[in-house]
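The values are calculated or read from the model by the stated rules, or taken from the named source; none is laboratory data. Everything quoted here is computed from the prediction, not taken from an experiment. Heads up, the Cβs are rebuilt from the backbone with ideal geometry, glycines too, and the neighbour counts pull from every protein chain shown.
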Amino acid sequence: MNSAVPAKIPAALDRAKFCDPSRTRDGQPRASVALKHLELLWFNTGTLCNLTCANCYIESSPTNDRLSYLSAREVATVLDELQAGQQAHEIGFTGGEPFMNPEILAMLEDALGRGYQVLVLTNAMRPMMKLADGLLLLQEKYGDRLRLRVSVDHYAPDLHELERGPHSWQRMLAGLTWLAEHGFNINIAGRTLSGEEEDTLRLGYARLFAAHGISVDAADPGALVLFPEMDEALDVPEITTACWDILNVSPGAMMCATSRMVVKHKGDAALSVMPCTLLPYDDRFRIGPTLAAADGAVALNHPHCARFCVLGGGSCGAG
């Protein structure tokens, strides 16, 4: 007789949750996060990507253009406003795959030329390598102020490809080792999709880095960022104002306390400011067309707020 215990099926999210920005389903005051100060400003350069991952946080793919490509002129306009009234020290570029945006090098040059630290999230595959000469020029001019965070979903090729698709491992590894060989400032974004303990994951990544001469400290949470798995259809507790003390978590540690993201929704003439990188589409989280409106409190009225940030301890910042 088979005595194996069947896997527990995760509960589906109760759709009565995350509806009211002020109150949870059971009437308790919903937690919110005020903007302390803007440390990191993100630009989503567009949701088009060369890959269709199994569980992309924002469903990027070769056909998803729900966020249009930003232009270098639009980025410059926001940076002008940022310099005039805000104190961010770092600019982040995400996607999609940022290196698919035809004006990405001009955007990076602009942000670096204004003195900002710049972080680019990339899969390090062909779109990046097509711009290798331009990247080398930026590195020569600005050095470590340009940082690239490469997505390596697991240290084992088969598990990485389970998420990213066939043939993605070798193409990623070629780009990552090219960055390392040319002395770029790099860090790694991993995921906890395997269910292994964090120490086991970090040891696995350390072996990978050592084998390929990649100078990333796998024990450093800022150098190897491990993101929790996300599925907004699965159940997760709502976060009340009492949860801060119960969980011993500070609202000031949440991404939306120190960052914002600029996007351009398909069909819109104007840009939109969103509270974080995980909520690009939800109209409830549109803050406004400019940074001037970005200092309001953000109600934690989405499953990602609970699962990724408050309970998962995740952050898309540089660490």
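Only one of (1) at pLDDT 95 or above; (2) closer than 19 Å to Gln117 by Cα; (3) surrounded by fewer than 18 Cβ atoms within 10 Å (Cβ to Cβ) fails for Leu179. Which number is that? Evaluating Leu179 over (1) at pLDDT 95 or above; (2) closer than 19 Å to Gln117 by Cα; (3) surrounded by fewer than 18 Cβ atoms within 10 Å (Cβ to Cβ) leaves (3) as the failure. Residue count for segment 133-190 under the criterion of being among the β-branched types (Val, Ile, Thr) and within 19 Å of Pro228 (Cα to Cα): the result is 3. Filtering segment 96-107 to residues that are assigned to a helix (DSSP H, G or I) and without any contact (Cβ under 8 Å) to a residue 40 or more places away in the chain leaves Phe99, Leu105, Ala106. The set of residues from segment 234-267 being among the polar types (S, T, N, Q) and over 25 Å from Arg286 (Cβ atoms) comprises Asn248, Ser250. In segment 80-91, the residues that are on the phi < 0 side of the Ramachandran plot reach residues that are hydroxyl-bearing (Ser, Thr, Tyr) and at pLDDT 90 or above with C-beta atoms within less than 6 angstrom, at least six apart or across chains, in these pairs: Ile91/Tyr116.
Annotation: of all residues in segment 275-299 being outside any loop (DSSP other than H, G, I, E, B), within 20 Å of the chain's Cα centre (by Cα) and in contact (Cβ under 8 Å) with a residue 40 or more places away in the chain, the one that is surrounded by the most Cβ atoms within 10 Å (Cβ to Cβ) is Val298.
Residue check: is Thr77 within 17 Å of Leu271 (Cβ to Cβ), surrounded by fewer than 16 Cβ atoms within 10 Å (Cβ to Cβ) and at pLDDT 95 or above?
Numbers: within 17 Å of Leu271 (Cβ to Cβ): yes; surrounded by fewer than 16 Cβ atoms within 10 Å (Cβ to Cβ): yes; at pLDDT 95 or above: yes.
Yes.
Does Pro237 qualify as being under 19 Å from Thr122 (Cα atoms) and either in contact with a helix residue (DSSP H, G or I) (Cβ under 8 Å, 6 or more places away or on another chain) or surrounded by 21 or more Cβ atoms within 10 Å (Cβ to Cβ) (or both)? Steps first, please.
Working: under 19 Å from Thr122 (Cα atoms): no; either in contact with a helix residue (DSSP H, G or I) (Cβ under 8 Å, 6 or more places away or on another chain) or surrounded by 21 or more Cβ atoms within 10 Å (Cβ to Cβ) (or both): yes.
No.
Of all the residues in segment 50-74, those that are crowded, with 17+ Cβ neighbours inside 10 Å, in contact (Cβ under 8 Å) with a residue 60 or more places away in the chain, closer than 22 Å to Leu193 by Cα and of a type outside the set (A, V, I, L, M) number 3.
Cβ-Cβ distances below 6 Å connect the following pairs, each with a first residue in segment 238-250 that is in contact (Cβ under 8 Å) with a residue 40 or more places away in the chain, a second residue that is among the basic types (Lys, Arg) and not in a strand (DSSP E or B), and a separation of six or more residues or different chains: Glu238/Lys17.
Take segment 1-34 and flag every residue that is among the small types (Gly, Ala, Ser), at pLDDT 90 or above and either more than 28 Å from the chain's Cα centre (by Cα) or closer than 21 Å to Gly195 by Cβ (or both).
Looking only at segment 1-34, we keep the residues that are among the small types (Gly, Ala, Ser), and these are 3-4, 7, 11-12, 16, 22, 27, 31-32, 34.
Now drop any that are not at pLDDT 90 or above, which leaves 22, 27, 31-32, 34.
The answer is Gly27, and nothing else.
Being within 23 Å of Ser168 (Cβ to Cβ), part of a helix (DSSP H, G or I) and in contact with a strand residue (DSSP E or B) (Cβ under 8 Å, 6 or more places away or on another chain) is a property that Phe93 lacks. For Ala189, state whether it is touching a helix residue (DSSP H, G or I) at 6+ places or on another chain (Cβ under 7 Å), surrounded by fewer than 18 Cβ atoms within 10 Å (Cβ to Cβ), hydrophobic (A, V, I, L, M, F, W, C) and modelled with pLDDT of 95 or more. The answer is no for Ala189.
Kindly indicate whether Asp199 is of a type in the set (D, E, K, R), loosely packed, with under 13 Cβ neighbours inside 10 Å, free of Cβ contacts under 8 Å to residues at least 24 places away in the same chain and out of contact with any His (no Cβ under 7 Å at 6 or more places or on another chain). Yes; evaluated as a whole, the condition is true for this residue.
Taking segment 240-274 as the search range and keeping residues that are under 22 Å from the mean Cα position of the chain (by Cα) and assigned to a loop (DSSP other than H, G, I, E, B), which one is surrounded by the fewest Cβ atoms within 10 Å (Cβ to Cβ)?
Residues of segment 240-274 that are under 22 Å from the mean Cα position of the chain (by Cα), as a first pass: 249-266, 271-274.
From the residues that got through so far, the ones that are assigned to a loop (DSSP other than H, G, I, E, B) too are 249-250, 254, 258, 264, 266, 271.
On the way: Val249: 17, Ser250: 10, Met254: 26, Thr258: 19, Lys264: 20, Lys266: 12, Leu271: 20.
The qualifying residue surrounded by the fewest Cβ atoms within 10 Å (Cβ to Cβ) is Ser250.
Going through segment 205-229 one residue at a time, which ones are at pLDDT 95 or above, within 22 Å of the chain's Cα centre (by Cα) and among the charged types (D, E, K, R)? Scanning segment 205-229 gives Asp217, Asp220.
Identify, from the list Arg149, Arg171, the residue that is at pLDDT 95 or above, crowded, with 21+ Cβ neighbours inside 10 Å and either within 21 Å of Leu51 (Cβ to Cβ) or under 18 Å from the mean Cα position of the chain (by Cα) (or both).
Arg149
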